[in-house]
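The values are calculated or read from the model by the stated rules, or taken from the named source; none is laboratory data. Quick caveat: nothing in here was measured; it's all calculated off a predicted structure. Backbone-built Cβ (ideal geometry, glycine too); neighbour counts: all protein chains shown.
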Amino acid sequence: MMRRFFRRGRLDAERAREMQAHLDHYTDDLTAAGYARDDARREARRRFGNPTVIREEIYRMNSVPVLETLGRDVRYAFRMLRKTPGFTIVALITLAVGIGVNTAIFTVVNALLLKPLPFPDPERLVTIETTVRTPRGTFVRQSGLDGRTFMEIRDNAKTMDVAIQGAGGWGAGVNLVAQNQAANVSQARVSAGFFKVFGIAPFMGREFTGEEDRVGGPAVAVLSYGLWARLFDRDPAAVGKTVMLRGESYEVVGVMPQGFTTGSPADVWTPVRPNTDREGGGTNYTLYARVHPDVPVERASAEMNLIVPPLWMPKDPKAAAETSITAGVVALQRAETTELRAPLLMLWGAVGIVLLIACVNLAGLLIARTGLRSREIATRMALGSGRRAVIRQLLVESAVLAIAGGVAGIGVGWMVLEGLKQLSTHVFDFGYPMSLDGRVLAASLGIAVATSVLFGLAPAIYASRVNVQGTLAESGTRSVAGGAGRWSRRIMVVAEVALGVVLLVSAGLLVRTFVHLRSLNPGFDPSHVVTATLSLQDKRYEDAAKVNQLFEQSLARIRQQPGIEAAGVTLGLPYTRLLNLGWKRVEGYDPVEKYLNANVSYVTPGYIEALRLPLRRGRALNDSDRDGAAPVVVVNEEFAKRFYKGADIVGMHISVSGTVREIVGIVGNARATSSGLGGDGSPLIVPFVVYMPAAQSSGAFFRQVHTWFSPAWVIRSSAPPAAVAEAIRQAVAGVDPLLPVAKIESMSTVQSAALARQRFMMSLVSGLGVVALMLAAIGIHGLIASAVTERTRELGIRLALGATGRQVIGNVVLPGITLAAIGVVIGAGAALAVSRLMRSFIWGVEATDPITFAGVALLLLSVSFVASLIPAWRVLRLDPALTLRAE
Amino acid sequence: MTLKRTAARPGADLLQGTLDMLVLQTLRLGAAHGYTIARLIEQRSDAFLQVEQGSLYPALNRLEDRGWVDSYWATSENNRRARYYRLTPKGRRQLQAETEQWDQLVRAIGLVMRPVE
């Protein structure tokens, strides 16, 4: 049957030949029987019947009605789309951009927020969430806990298996040497049972035992598949061999399977050796737990709420009475994406608006076509075409467009996703791999189909309401442009402009935020400064003398190079996250004021000079502040302001890192990114800093801070940055050839990396805003252009009666401007509501910033004016005589 | 098959089903083109069945679609190109079945139409 359906064209031609042969035979016989040739032919025809009718009957027998009409509609749709290339191209671009951008953002949202984590039974993977309510406020903490809490949970929890990972990772990687090869790798310190919690067993060997995972346990390591392949060339005998990690030898006990990664990727795992005094003294551990099968997650929450709160209660009975603590579990995926959730959902919202505008635009474009085609449709209906047939035809046309646009959109989406990956290098750590997948494809096609129905239905219904007589009669005397359909187009233009305002205001606020953050006074002179970081989380650098020897000798070598103005080492560069450490007052000590925290950094002489931090009072650090000399510190102005009301505190004493030290100087403030201390939550804060001489820091202090942070060399030089970088490398290698430099960057690169997330959001939302503006302009242009086309005759008459071109243009343009103005007002209202939701993304500018709102309004109005003016210009070229004769 | 349908909806279908059967019966003698088939039906019924010759073709299309006949082009006795039809084995079985049903029908009608005694 289907074969005959698709071949029926050829079959029909064959049938015609066959019937002709029949008639010829008949005619032959009749001629033989004595008929004249012409009479014979007539008689044969009479007896045969009408061949055309018979062929049609057979043709119908061979067709499938639905496919038949669908095929015809699709062919017709292609013909119509080819006839209006301008419309088709604009519509396709609109669709491709709308669907493509949405697909790309959805891919990211899907990969990060929706897609189950790549582990067995991912819904059983949880972490801890604690809520502490005090009169000072409510604090929610996810994942983090201290050693004592972990041990309590580990030893008492019956509903789940738990494991922890130690803190780390704000500094550079660690140094690993194996098989005579050195590599800078990322290390994760995890507890016994860590891999079991994730449900993935080592592919070779085993994971850590409880015996290994305790203070003083043997040094063992599990390698990632990638590192094993790279260092051991996939040698199965690697298990049992040793590697040198941070200058210490570790025995390899296992290799993880290919592709295994948690939210924080690592090349090598070692036992965390949980403790309660050093790292475990603070909330430095991240908890991972797997709820046992058949145990409801709520029971795990309830158990957590029994174990944890008593441990966290303040000892002071009065404070305890005012504090309430609850604990529970939260899905790991949710906890890992807490920070990303808001910006991603906001982006998704922005993209949704663009898609909405794209749909509105298409609906407008299609309605305009319907208006232009109303005569054709009226003619078809007058000739007997059913209302349903017309609606079906228009729907097929939209569907053809939507599918073509959807396919183009997938291409655009792929490109946007690649761009996103580039742009987001410093912003999101995509721990899990990400690519366009089936689910994203389905969603994108769903959008295409939904869009098709959305914008296909409105014009279809309008078209089917065409008053056949009215339209045909009107076309003769088309003096006044009419049509109820124009109303829906007007509403759409208003909606488009309003949505555009919302996006552009958001973009404007983000741009203003970025400009604000960029223009903030850094507090130092970042030009001509090169920085270099390397990891000192190394067994060979546990001794204070060894660390200081490295600093002093490398700096001495660097200072010998030409062009060097100043050079120093610090634990924390400006525009990065600084170390938080407790300290105590000496003068005016108040036992109630228990927890004083500040950003503490060790520095060498030369650091303050290299950054040109202004000295406000007292003196900077110098070479005489050595081990054995009187312990000193330098603080910044913000420290003095916050803790001493800005008093001159030079000569006073504070206790830092277990030693009482004299404040010998006050320097200006250098900005940093937020470490959770102070600031207003803005991405760039003015920290309160204590600068401690590196030469007066203890080995224990170095060991502790170097697990989380890496020291940075800071060099001010008039030499080209590349030469400075080379000088640093040679100087470090000259002191310790086994110590690789992890990263060399100019200070301005460090500054710009600090604002990577803001730049990312700003670029993306601005890009979307520009797309929205373009789409709105296309919409307005289309509306005015079709109005001009429809009113050609009327305008011609006006010109003939003596109206000036200016009057006629004004008459055509005015509706466009009016609609845009209405849209701007509505959009501004909506933007006010939206900008309130954006509060956490904007700094240094009010959510109701009048400059942004006025600027966006002005921009949209001028674009609308130009978009209206271009088609209106055509009026001037009208020849009244011609237009009057045209119809 | 045809009979069942005929029994359910007498009238046009009866004639149509009958025409199919007549065509199949004609082709039992050997392959033939459309004109020959029409002539043979006329002649064998002593010119009683005067089919509109054109209506033969939808029937042939249907029979071929059902796989009861197949066709090929060949040169006719008049030295013209013509499309010849022939019975397939499936068509032969179908004809067998239809003939039996037809005989039963005729016998049954004959019994009913006996002169009343």
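Descriptive notes on the structure:
- Only listed residue being modelled with pLDDT of 80 or more, at negative phi and assigned to a helix (DSSP H, G or I), chosen from A:LEU112, A:LEU67, A:LEU92: A:LEU92
- Condition broken by A:SER748, with the remaining ones in (1) surrounded by fewer than 20 Cβ atoms within 10 Å (Cβ to Cβ); (2) modelled with pLDDT under 85; (3) under 30 Å from A:ALA342 (Cα atoms) satisfied: (2)
- Of all residues in segment A:7-50, those that are more than 9 Å from chain B (Cβ to nearest Cβ) and either out of contact with any Leu (no Cβ under 6 Å at 6 or more places or on another chain) or touching a residue at least 40 places away in the same chain (Cβ under 8 Å) (or both) total 23.
- Out of B:SER55, B:SER76, one residue alone is under 12 Å from B:ALA31 (Cβ atoms) and at the interface with chain A (Cβ under 8 Å from one of its Cβ atoms). It is B:SER76.
- Taking segment A:703-809 and the helices (runs of 4 or more DSSP H) fully enclosed by it, the elements with 2 or more residues that are over 27 Å from A:ALA670 (Cα atoms) are at A:721-735, A:756-790, A:792-800.
- Of the residues making up segment A:5-56, those that are polar (S, T, N, Q) and either buried (at least 18 other Cβ atoms within 10 Å of the Cβ) or assigned to a helix (DSSP H, G or I) (or both) are A:GLN20, A:THR27, A:THR31, A:THR52.
- Unique match (being in a loop (DSSP other than H, G, I, E, B), over 19 Å from A:MET244 (Cα atoms), at pLDDT 90 or above and of a type in the set (Val, Ile, Thr)) among A:ILE200, A:ILE153: A:ILE200
- Just so you know, in segment A:534-582 the residues that are surrounded by fewer than 16 Cβ atoms within 10 Å (Cβ to Cβ) and of a type in the set (Gly, Ala, Ser) include one that is farthest from A:GLY281 (Cα to Cα), and it is A:GLY563.
- Residue selected from segment A:336-387 under the condition hydroxyl-bearing (Ser, Thr, Tyr) and surrounded by 20 or more Cβ atoms within 10 Å (Cβ to Cβ), by the criterion modelled with the highest pLDDT: A:SER374
- Selection count, segment A:583-607, where residues are part of a loop (DSSP other than H, G, I, E, B) and crowded, with 19+ Cβ neighbours inside 10 Å: 3
- You will find that of A:GLY168, A:GLY263, A:GLY259, the residue that is at pLDDT below 90, part of a loop (DSSP other than H, G, I, E, B) and in contact with a helix residue (DSSP H, G or I) (Cβ under 6 Å, 6 or more places away or on another chain) is A:GLY263 and no other.
- Index of the failed condition, A:VAL101 passing every other in (1) within 30 Å of A:GLU207 (Cβ to Cβ); (2) modelled with pLDDT of 75 or more: (1)
- Some residue of segment A:56-79 being more than 30 Å from A:PRO871 (Cα to Cα), within 14 Å of chain B (Cβ to nearest Cβ) and small (Gly, Ala, Ser): yes
- Check on A:ALA610, assigned to a loop (DSSP other than H, G, I, E, B) and in contact (Cβ under 8 Å) with a residue 12 or more places away in the chain: no
- Criterion (of a type in the set (Phe, Trp, Tyr), free of Cβ contacts under 8 Å to residues at least 60 places away in the same chain and touching a strand residue (DSSP E or B) at 6+ places or on another chain (Cβ under 8 Å)) met by exactly one of A:PHE150, A:PHE119, A:PHE139: A:PHE139
- Residue match in segment A:210-233 (condition: buried (at least 21 other Cβ atoms within 10 Å of the Cβ) and farther than 28 Å from A:PRO737 by Cα): yes
- Restricting attention to segment B:37-52, the residues being facing another protein chain (nearest Cβ under 9 Å), part of a helix (DSSP H, G or I) and farther than 19 Å from B:LEU95 by Cα number 1.
- A:ARG273 falls short on exactly one of the conditions (1) within 26 Å of A:GLY328 (Cα to Cα); (2) buried (at least 23 other Cβ atoms within 10 Å of the Cβ), and that condition is (2).
- Selected residue (criterion: surrounded by the most Cβ atoms within 10 Å (Cβ to Cβ)) from residues of segment A:642-665 that are in contact with a Phe, Trp or Tyr (Cβ under 8 Å, 6 or more places away or on another chain) and among the aliphatic types (A, V, I, L, M): A:ILE654
- Qualifying residue in segment B:80-96 (condition: exposed (fewer than 14 other Cβ atoms within 10 Å of the Cβ), without any contact (Cβ under 8 Å) to a residue 24 or more places away in the chain, within 14 Å of chain A (Cβ to nearest Cβ) and assigned to a loop (DSSP other than H, G, I, E, B)): no
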